[in-house]
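Visitor: Below you will find the structure I want to go over with you.
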Amino acid sequence: MLAPQENRVMVLGEWEERWQQGRIGFHQPEVHRMLENNLDKVLAGRTGVRFFFPLCGKAVDMKWLADMGHSVVGVEISEKAIKEFFEENNVTYSEEPVPAIPGAKVYKGTERNISLYQCDLFNFSSSVEGQFGAIWDRGSLVAINPRDREKYAALITSLMAKDCRYLLDTLLYNPELYPGPPFFVPDEQVQSLFGNSCDIELLQSVDSLTDRHRGWGLDYLTENVHLITPKST
């Protein structure tokens with residue numbers, strides 16, 4: 001099933017272009033229901049959790065979590081997305097270079113614990129911000145090029161603290177009908193990417209087909225949410 005999309009490549013510039021042109025149908029104006037529904041499982045009774053948002057865009061989920069007292073670190077290639085996040089949420093911010101990542105900048109909310117890095121996700125590492133107690137991956141694994149998934153899983157795993165709870169949202173559909181992104185990621189692949197070092201639990205499976213997706217030519221779209229936690233050694 002992976003074959004139709006395995007060689008599909010989106011270069012970073014194409015994502016930046018989508019933001020410039022406002023072609024951001026993937027952005028949601030409300031907090032994602034899968035995060036809301038499963039937040040208790042992610043927090044597991046913890047307060048002040050450090051959340052990582054890979055390919056964060058301008059997700060309103062970040063402000064929602066920061067308002068609860070958690071801290072948020074995101075990575076996004078589009079400077080426009082980052083600035084729009086702060087402006088649309090009325091959060092003042094500072095901007096500074098990142099010595100560890102040439103050409104990167106970090107935008108830090110002044111009154112909220114939110115730091116957004118503008119750089120290639122694959123240039124980010126635990127040496128920049130340490131490890132995280134939670135990760136919310138709503139449109140990241142499904143957006144990166146299919147051939148980069150092993151590399152992506154290695155990066156995400158390296159960012160997970162021992163008590164990390166990683167909430168991963170994936171999409172199931174017929175990849176012969178739509179080239180992506182968002183890409184098709186079957187449960188078996190989630191297992192092969194993370195199963196060696198982590199326990200994986202399917203928390204929710206929802207029919208998410210909308211008219212927009214029918215317009216892509218899809219006849220079904222299932223959204224699966226997994227909770228991934230490091231195996232206790």
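Visitor: So, in segment 1-44, how many residues would count as being part of a loop (DSSP other than H, G, I, E, B) and open to solvent by less than 90 Å² (accessible area, probe 1.4 Å)?
Guide: Adding up the residues that qualify gives 14.
Visitor: For segment 190-215, name all the residues that are touching a Pro at 6+ places or on another chain (Cβ under 9 Å) and more than 16 Å from residue 135 (Cβ to Cβ).
Guide: Once the filter is applied, which keeps residues that are touching a Pro at 6+ places or on another chain (Cβ under 9 Å) and more than 16 Å from residue 135 (Cβ to Cβ), segment 190-215 yields nothing.
Visitor: Which one is most open to solvent (accessible area, probe 1.4 Å), of the residues in segment 92-113 that are part of a loop (DSSP other than H, G, I, E, B) and under 13 Å from residue 79 (Cα atoms)?
Guide: Per the criteria, the residue is 103.
Visitor: Also, quick follow-up: Anything in segment 134-159 that is open to solvent by 10 Å² or more (accessible area, probe 1.4 Å) and touching a strand residue (DSSP E or B) at 6+ places or on another chain (Cβ under 9 Å)? List them, or say none.
Guide: Of everything in segment 134-159, those that are open to solvent by 10 Å² or more (accessible area, probe 1.4 Å) and touching a strand residue (DSSP E or B) at 6+ places or on another chain (Cβ under 9 Å) turn out to be 138, 139, 157.
Visitor: Scan segment 114-130 for residues that are farther than 17 Å from residue 56 by Cβ and surrounded by 16 or more Cβ atoms within 10 Å (Cβ to Cβ) and report the count.
Guide: Summing the residues that are farther than 17 Å from residue 56 by Cβ and surrounded by 16 or more Cβ atoms within 10 Å (Cβ to Cβ) in segment 114-130 gives 0.
Visitor: Let me ask you something else. Would you point out the residue of segment 45-59, among those that are in contact with a helix residue (DSSP H, G or I) (Cβ under 8 Å, 6 or more places away or on another chain) and part of a loop (DSSP other than H, G, I, E, B), that is most open to solvent (accessible area, probe 1.4 Å)?
Guide: 55
Visitor: May I pose another question? With the structure loaded, tell me whether residue 187 is open to solvent by 70 Å² or more (accessible area, probe 1.4 Å), over 15 Å from the mean Cα position of the chain (by Cα) and among the acidic types (Asp, Glu) or whether it fails that test.
Guide: Considered against the rule, which asks whether it is open to solvent by 70 Å² or more (accessible area, probe 1.4 Å), over 15 Å from the mean Cα position of the chain (by Cα) and among the acidic types (Asp, Glu), residue 187 comes out as no.
Visitor: Only residues that are among the polar types (S, T, N, Q) and touching a Lys or Arg at 6+ places or on another chain (Cβ under 6 Å): list them for segment 32-58, please.
Guide: Across segment 32-58, there are no qualifying residues.
Visitor: Take segment 65-91 and flag every residue that is open to solvent by 70 Å² or more (accessible area, probe 1.4 Å) and under 22 Å from residue 48 (Cβ atoms).
Guide: 67, 68, listed by residue number.
Visitor: Here's a follow-up. Only helices (runs of 4 or more DSSP H) wholly contained in segment 114-233 count here; list those with 2 or more residues that are of a type in the set (A, V, I, L, M).
Guide: Here the list reads 149-158, 187-194.
Visitor: Any chance segment 163-172 includes a residue that's modelled with pLDDT of 95 or more, over 22 Å from residue 56 (Cβ atoms) and either open to solvent by less than 30 Å² (accessible area, probe 1.4 Å) or touching a Phe, Trp or Tyr at 6+ places or on another chain (Cβ under 9 Å) (or both)?
Guide: yes
Visitor: Any chance you could count how many residues in segment 186-227 are in contact (Cβ under 8 Å) with a residue 40 or more places away in the chain and of a type outside the set (Val, Ile, Thr)?
Guide: Qualifying residue count for the region: 19.
The values are calculated or read from the model by the stated rules, or taken from the named source; none is laboratory data. Since the model is a prediction, treat every value here as computed from it, not as a measurement. Every residue, glycine as well, gets a Cβ built from its backbone with ideal geometry; the counts of neighbours run over all protein chains shown. Only protein heavy atoms, including side chains, enter the accessible area calculation; ligands, DNA and RNA are left aside. Shrake-Rupley method; radii C 1.70, N 1.55, O 1.52, S 1.80 Å.
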